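Worksheet: one structure, shown below.
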Amino acid sequence: MKIRTSDPTVEQVVRKIAAAHREQRGALLPILHAVQAELGHVPKEAVPVLADELNLSRADVHGVVSFYHDFRDEPAGHRTVRICRAEACQAQGAGYLVEYVRQMGLTMGRTAEDGSVTVEQVFCLGNCALGPAVEVDGRLHGRVDTERLGALLHGTDQTRRDGVGATPDESEAPRS
Amino acid sequence: MTQHPAQPHVRIYVPRDSAARSVGADEVAATIQQAADSADVAIELVRTGSRGMLWLEPLVEVATEHGRIGYGPVTPDDVPALLAAGLLEGDEHPLRLGPVDELPWLARQNRVTFARVGVIDPLDADDYLRHGGLTGLRTALKLTPADVVAEVTDSGLRGRGGAGFPAGIKWKTVLDCPGELKFICCNADEGDSGTFADRMLMEGDPFLLIEGMTIAAHAVGAREGYLYIRSEYPDAVATMRAAIDIARERGWLGTSVLGTPLDFDLHVRVGAGAYICGEETSMLESLEGKRGMVRAKPPIPAIEGLFGKPTVVNNVLTLGTVPVVLAQGAKAYQELGVERSRGTQVFQLGGNIARGGIVETAFGITLRELIEEYGGGTRSGRPVRTAQVGGPLGAYLPPSSFDLPMDYEAFAAAGAMVGHGGIVVFDDTVDMAAQARFAMEFCAAESCGKCTPCRVGSVRGVEVIDKIVAGEQRDENLALLDDLCELMTEGSLCAMGGLTPLPVRSALAHFADDFLGEVAADTRTKGTA
Ligand SMILES: Cc1cc2nc3c(=O)[nH]c(=O)nc-3n(C[C@H](O)[C@H](O)[C@H](O)COP(=O)(O)O)c2cc1C
Ligand code: SF4
Ligand code: FES
C-alpha cells in the first residue's frame with residue numbers, strides 16, 4: 001500500500017504499528033521497518049507521532065531515521081534496483097554497471113522521472129563469489145552483465161534462464 | 001525420459017541458498033518438478049543450503065546407491081537433456097560431476113562448522129537431529145555453566161567476527177557478573193565485502209546457530225537472546241525466523257528448554273543499512289533503538305552491554321562452532337590449527353576468482369593454496385595482481401606475500417589481518433590508487449561520526465589521494481597522506497577509522513606505481529568507474 005504523505009491516515013497507521021511493537025525492547029527500529037513496509041517510506045509526519053508514542057524527542061527520532069541508509073523519506077520508484085559497489089563486485093566489473101546506469105540517463109540514489117525505478121548503491125549483498133551482484137525488490141541476482149541490468153531496470157527480466165556462464169547473446173533480454 | 005515406475009521417490013537436492021537462487025536455482029527446481037510431474041515420475045525435491053562451491057551453482061544432486069551425484073552448473077534449459085540422459089539414476093552427462101562428497105575441492109576441506117550446510121534441508125528439524133543436531137546442547141545441559149565455559153576456553157575458539165578474542169574468556173566475564181538479566185547477542189551484520197559465511201550458515205543450518213546461542217545462554221545465565229541480522233540478507237532473516245518458530249514448537253527454545261530448568265528465548269532484529277552496526281557497541285545501540293554510534297570502552301559489553309546488562313556478543317561463526325566443540329570435545333577442536341589460531345576457519349573466496357565459495361579448513365593454510373589451488377586463479381584468466389584479505393579494512397597483499405600462513409598473529413605481524421576470513425581476488429586490470437581511494441570513501445560514507453580522525457580524516461583522505469593521482473605536489477601530498485593515516489590509526493575510537501589506513505597503506509606500499517597517474521586509462525578503469 002502506498003499512501004501520499006499528506007494522507008490523513010499516516011498518523012493512524014503509525015500509531016497502530018507503534019502499538020503492535022510497543023512491548024518489544026528497543027522498539028524504534030522494528031517500528032520504522034514496519035512503517036516503511038506499510039507506507040513505502042517513512043513520511044516526515046511519522047516523526048512527531050513516533051516521538052509521542054515512544055516518549056522520545058522529535059530530534060531523537062529524526063536522528064535515528066536519518067542515521068540509517070535504509071529509511072527513505074520519499075516513496076521509491078516502482079522497482080528498486082540496488083547495485084553492489086563493494087570490493088568483490090568491483091573486482092568483477094561492478095564499475096561497468098554503474099557506468100551503464102549513467103548512460104541510461106539514471107542517477108545512482110535517485111528515482112527515474114517517470115517513477116519506474118530507483119537505482120541505489122549498496123555495499124555487499126553477500127554474493128561476492130558470483131558478482132557483480134544486483135538486488136531488485138529484495139531479490140538477489142548474480143553475475144549481472146549490462147544486458148541483464150538493462151532488463152532488470154526495465155522490469156523485463158523474465159527468468160534467470162541464462163544462469164551462469166551464459167554468453168552475452170543468450171542473456172540478451174527483450175527491451176521494453 | 002527413462003521411466004522407472006518401480007522406483008518411487010527419487011530424492012533430488014537443489015539449493016535454496018540466496019547465492020544459488022541468484023543464478024537460477026529456483027527456476028531449475030521448478031523446471032525439474034514440472035518435468036517430473038508431466039512424466040508422472042515421483043520425485044522428492046529437497047531444497048538445501050549451498051555446499052559452497054558457488055561456481056557450480058545451481059548444483060543439482062540426486063541420491064543414488066553410490067551417494068549423492070552432482071550436476072552443475074545447471075540451467076533450466078539443461079533439465080530436459082539431463083533427465084533424458086538419466087539424471088534420476090545418476091547417469092552420465094557433460095554436466096555430471098560425480099559423487100559430490102568426493103569432489104577434491106570439498107573432500108580436502110575440514111567441514112566442522114559447515115558440516116551440514118548444503119547437505120540437509122535447513123528447516124527440517126528431524127533432518128537436523130539425524131545429522132547430529134542438539135548433541136552439543138544436550139551435552140552442555142548436563143554440565144555446570146562453569147564447565148561449559150571451561151570447555152569453550154580449552155577448545156581455543158576465538159571470535160570469528162574479526163578481532164579473534166577468545167570466546168571462553170568473554171563468556172567467563174559474563175558468567176561472573178551478578179544479576180538476573182543477561183543477554184546473548186549474535187552479531188550477524190556481516191558487512192565486510194567478500195564475506196558471506198554468516199549468511200550461508202544462517203540460510204543453510206539455522207538450528208545450529210540457535211543451538212549455539214542456547215548453549216551460550218546456559219553457560220552464562222542468560223534468558224534472552226537477540227540475533228542482529230543486516231537488512232541486506234532478507235533470506236537469512238526469513239530462514240532464521242522460521243527456524244526459531246519451529247524450535248519453539250519443539251521445546252528447543254522457550255521455557256524449560258529440552259525439559260531442563262533453562263529458560264531461553266530468541267528474537268531476530270533487522271539492521272537498517274549501516275556498516276558500523278557490525279561493530280559490537282554500535283550494534284548494541286542499534287538494538288536499543290538508537291543511532292548506531294560506537295560506545296567508548298570500557299565498560300566492555302560483557303559487563304555493561306545491551307540495556308546496560310552483562311552481554312555476550314559473538315559472531316555467527318563463533319556461536320555456530322560452539323555446538324561442535326561441546327559435541328566433539330574441546331580437545332578434538334583444539335588439535336586443529338596452528339599456534340594460537342586453533343580449530344578451523346571458514347574462508348570465503350570472492351571477487352575475480354575462478355572457483356569462488358566456502359573453504360573450511362584448519363588455520364595455517366596459506367593464501368596461495370586458497371587462491372591458486374582452491375580458487376583456480378582469476379575468473380578472467382588474467383594474472384592475479386592482489387587479494388584483499390579481511391574485508392574493506394583489511395590489507396591488499398601482493399602475490400609475493402601469498403605464502404603467509406592463515407594465522408591471526410602471523411597476519412598481524414605482516415601488517416595485515418585475517419578478519420572474518422574473506423579473500424577478495426583482483427586481476428591485473430585493477431587500479432590500486434582507485435582501491436585506496438575507495439577505502440577512504442567507504443570510511444567517509446560509513447563512519448558513525450563520533451570522532452574527528454575518522455569522520456573528517458577519511459574525507460580528507462579522498463581529496464589527498466585525488467591530488468596525488470593528479471600529480472599535484474606529489475611528495476607533499478604523499479607525506480600528508482602518511483600523516484593522515486597515522487592520525488586515523490592512532491586517534492580513532494574504533495577500528496573503522498583505525499584500520500582504514502591498512503588498505504590504503506598496503507596499496508601504496510606494494511603498488512606505488514598506480515598512484516603516479518600514468519597508468520594506461522584503458523586497462524585500469526574497471527573497479528570503480
Ligand atoms: C567497523 C567494524 C565492523 C565490524 N563488523 C562486524 C560484523 O559485521 N560482524 C561481526 O561479527 N563482527 C564485526 N565486528 C567485530 C565486532 O565488533 C566484535 O568484535 C565481534 O562481533 C565479536 O564477536 P566474536 O568475538 O565472536 O568475533 C566489527 C568491528 C568493527 C570495528
Ligand atoms: S572511528 Fe569512525 S566509526 Fe569508529 S567511533 Fe570513530 S567516527 Fe565512529
Ligand atoms: S561485494 Fe558485492 S556482493 Fe559482496
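The values are calculated or read from the model by the stated rules, or taken from the named source; none is laboratory data. None of the values given here were measured: they were computed from a predicted structure. In this analysis, Cβ positions are derived from the backbone assuming ideal geometry, glycine residues included, and neighbour counts consider all displayed protein chains. What goes into the accessible areas is simple: the full protein's heavy atoms, side chains included, and nothing from ligands, DNA or RNA. Shrake-Rupley method; radii C 1.70, N 1.55, O 1.52, S 1.80 Å.
Phi-derived couplings, Karplus 6.51 cos²θ - 1.76 cosθ + 1.60 at θ = phi - 60°, listed residue by residue for segment A:132-141: x, 9, 9, 10, 10, 6, x, 9, 8, 10 Hz, with x used for Gly and Pro.
When only DSSP loop residues count, what GluC sites (Glu not before Pro) in segment B:317-373 have their Cβ near at most 14 other Cβ atoms within 10 Å? Qualifying residues, ordered by number: B:GLU335, B:GLU339. Between B:GLN34 and A:MET108, how high is the FRET efficiency from 1/(1 + (r/R0)^6) when r is the Cβ-Cβ distance and R₀ = 45 Å? Nearest 0.05. FRET efficiency, B:GLN34 to A:MET108: 0.70. Within the shell defined by Cβ-Cβ distances under 10 Å, the residues around B:GLU339 carry a net charge of 0, with Lys and Arg each +1 and Asp and Glu each -1.
Per residue of B:238-244, other chain Cβ atoms within 10 Å of the residue Cβ number 0 on average. Over segment B:267-403, the Kirkwood radius and the radius of gyration, each from Cα atoms, give a ratio Rg/Rh of 1.04. Our estimate of slack between B:ALA414 and B:ALA107, defined as 0.36 nm per intervening residue step minus the Cα-Cα distance, is 107.5 nm.
Summarising the amide proton neighbourhood of B:ARG269: residues at separation of 5 or more, or on other chains, whose placed amide H is nearer than 5 Å comprise B:LEU227, B:TYR228, B:ILE229.
Centre-to-centre separation between the Cα atoms of segment B:206-229 and those of segment B:18-70: 32 Å. Between chain B and chain A, roughly 4700 Å² of accessible surface gets buried, counting both sides and using a 1.4 Å probe.
Cβ-Cβ distance of B:VAL459 and B:GLU486, R₀ of 22 Å, FRET efficiency by 1/(1 + (r/R0)^6): the value works out to about 0.85. So which of B:LYS142/B:LYS331; B:LYS172/B:LYS450; B:LYS182/B:LYS331; B:LYS172/B:LYS309; A:LYS16/B:LYS182; B:LYS170/B:LYS309 end up more than 24 Å apart by C-alpha? Result: B:LYS172/B:LYS450; B:LYS182/B:LYS331; A:LYS16/B:LYS182 exceed 24 Å. Only helices enter the 222 nm calculation for chain B: every DSSP H run of n ≥ 4 contributes -39,500 (n - 2.57), and dividing by all residues gives -11000 deg cm²/dmol, rounded to 500. Each DSSP beta bridge with both residues in the protein assembly as shown is either parallel or antiparallel, and the antiparallel ones are about 55%. Partner aspartates and glutamates whose Cα lies under 18 Å from the Cα of B:LYS297, excluding those fewer than 8 positions away in the same chain, are identified as B:GLU279, B:GLU280, B:GLU285, B:GLU288, B:GLU490.
Based on the Stokes-Einstein relation at 37 °C and a viscosity of 0.692 mPa s, and on the Kirkwood radius from alpha carbon pairs, segment A:44-93 is assigned a translational diffusion coefficient of 244 µm²/s.
Against the empirical curve 2.2 N^0.38 Å, the C-alpha radius of gyration of segment B:260-310 lands at a ratio of 1.27. Dimensions of segment A:45-136 based on its C-alpha atoms, expressed as ranges along the principal axes with the largest first, amount to 48, 31, 16 Å. Take each uninterrupted DSSP H stretch in chain B, measure its Cα extent along the helix axis, and return the ones at 18 Å or beyond whose mean Kyte-Doolittle hydropathy is at least 0.0. Qualifying helices: B:206-220, B:234-249, B:316-328, B:432-446, B:452-470. The eigenvalues of the Cα gyration tensor, multiplied by 5 and square-rooted, give chain B an equivalent ellipsoid with semi-axes of 38, 32, 19 Å from largest to smallest.
Evaluating kT/(6 pi eta Rh) at 37 °C and 0.692 mPa s, with the Kirkwood radius of the protein assembly as shown over Cα pairs in the Stokes-Einstein relation, gives 126 µm² s⁻¹. Under the simplified labelling scheme, the B:ASP126-B:ARG223 pair shows an inter-label distance of 3.5 nm, with each label point 7 Å from Cα along Cα→Cβ. Computed from the C-alpha gyration tensor, the three semi-axes of the ellipsoid equivalent to segment B:296-351 are 27, 16, 12 Å, from longest to shortest. Per residue of peptide B:272-281, the mean number of Cβ atoms on other chains within 10 Å of the residue Cβ is 3. Interface residues of segment A:59-73, defined as those losing at least 10 Å² of solvent-accessible heavy-atom surface relative to the isolated chain (probe radius 1.4 Å), are listed as A:GLY63, A:VAL64, A:PHE67, A:TYR68, A:HIS69, A:ASP70.
Relative to the present Cα-Cα distance, how much length would full extension add between B:GLU44 and B:GLN334 at 0.36 nm per residue of separation?
Here the segment from B:GLU44 to B:GLN334 would lengthen by 100.4 nm.
Per residue of peptide A:139-150, the mean number of Cβ atoms on other chains within 10 Å of the residue Cβ is 3. Per residue, the accessible area of the protein assembly as shown comes to 37 Å², computed with a 1.4 Å probe over protein heavy atoms only. The stretch between A:ARG139 and A:THR9 holds 43.8 nm of extra length on full extension. This uses 0.36 nm per residue minus the Cα-Cα distance. Checking every one of the trypsin sites (Lys or Arg not before Pro) in segment A:35-105 against DSSP loop status and a limit of 15 other Cβ atoms within 10 Å picks out A:LYS44.
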